[in-house]
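Asks: Encoded as structure tokens, here's the structure I'll be asking about.
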Amino acid sequence: MEIIYLLIPLSLVLVGIIVWIFVWAIHSGQFDDLEGPAHQILMDDDSPDTTPADRRKDEQEQDSA
């Protein structure tokens, strides 16, 4: 029965820490966009940064150097 005097305050402290972390996460914007990163992974980037001609040009410059 004496253990209950230890477990109740410990559980209240643990609940308080969990609530504080949850409130911090809400205020820091962790839950602003839940679907964006999931959809971003599935989207293809159809426009490459460089064209094949640019890549060949870069390779030629590296070979001549």
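The values are calculated or read from the model by the stated rules, or taken from the named source; none is laboratory data. These numbers were taken from a predicted model, which means no experiment stands behind them. Cβ atoms come from the backbone with ideal geometry, glycine included; neighbour counts cover every protein chain shown.
Asks: So which residues in segment 6-30 are modelled with pLDDT under 95 and surrounded by 10 or more Cβ atoms within 10 Å (Cβ to Cβ)?
Replies: ALA25, ILE26, GLN30
Asks: While we're on this one: Output the residues belonging to segment 32-58 that are surrounded by 10 or more Cβ atoms within 10 Å (Cβ to Cβ) and at pLDDT 80 or above.
Replies: Of everything in segment 32-58, just one residue is surrounded by 10 or more Cβ atoms within 10 Å (Cβ to Cβ) and at pLDDT 80 or above, namely ASP33.
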